[in-house]
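Here is the structure we will look at.
Just so it is clear, none of the values below were taken in a lab; they were calculated from the coordinates. Bear in mind the structure is a predicted one, so any value in this text is a computation, not a measurement. Positions of Cβ are generated from backbone atoms using ideal geometry, with glycine treated the same way; all protein chains shown enter the neighbour counts.
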Amino acid sequence: MDSREQLNLIKRIKAISETGLIYAEGAYDLERYEELKQISLKLMAHLANEPITVMQDFFIPERDYPTPKVDVRGLVINEKDEILMARESVDGKWTIPGGWADIGSTPSEIAVKEIEEETGFKAEVIRFLGVYDKQVHPHPPEPYYIYKLFFLCRIVGGELKPGFDMLGADFFSLDKLPELSEERILESQLKQLFHLAKSSSTEVYFD
């Protein structure tokens, strides 16, 4: 079993323990679920080679049924079949515009907002391309369980201007991609999304 499989099992144990802490009724059950949660954090800390206190501080305590986090991104392709990308300040690498879903905004609204904030372009959504379970794809391991939603968008205004928290923004062809921020996007996903976007069908990818 590799580290990715181990981390996914540990996440599952943590999620089960947090669900138990929410719904357990007796003190005995609460104590056991809390112990199970602490075990999951210790295992995660060991796998990440970090102190247990770091893992405890990393997570906001769950007060409801734990569910995956949602990442929303917009794919824009210009008339030269180049993909609009933004350079992340966190790692200096490139991805298509996007970010965490915000409460109170629809997924398509988030995609449009992120494109404008990260690249300066105003956009509109054309259609939904797919939803990826991040754990099924070879992204670098991370503590959260994440679903990624992708929308095909087109530019309707604005100008190319990197956002205040981005290091750059530009268009790239599939055969000349910059170094990708693989926590956010993979080359295999970009190629699949590009194929879906250029297809005459309305096929949607899932999982």
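Couple of notes before you dig in:
- A single entry from Leu190, Leu186 fulfils the requirement of being closer than 14 Å to Pro97 by Cβ and in contact (Cβ under 8 Å) with a residue 40 or more places away in the chain: Leu190.
- The residue that is nearest to Arg154 (Cα to Cα), counting only those in segment 66-100 that are outside any loop (DSSP other than H, G, I, E, B) and of a type in the set (Asp, Glu), is Asp71.
- Residues satisfying the stated conditions in segment 79-114, i.e. among the acidic types (Asp, Glu) and either surrounded by 15 or more Cβ atoms within 10 Å (Cβ to Cβ) or touching a residue at least 40 places away in the same chain (Cβ under 8 Å) (or both): Asp81, Glu82, Glu88, Asp91, Glu114
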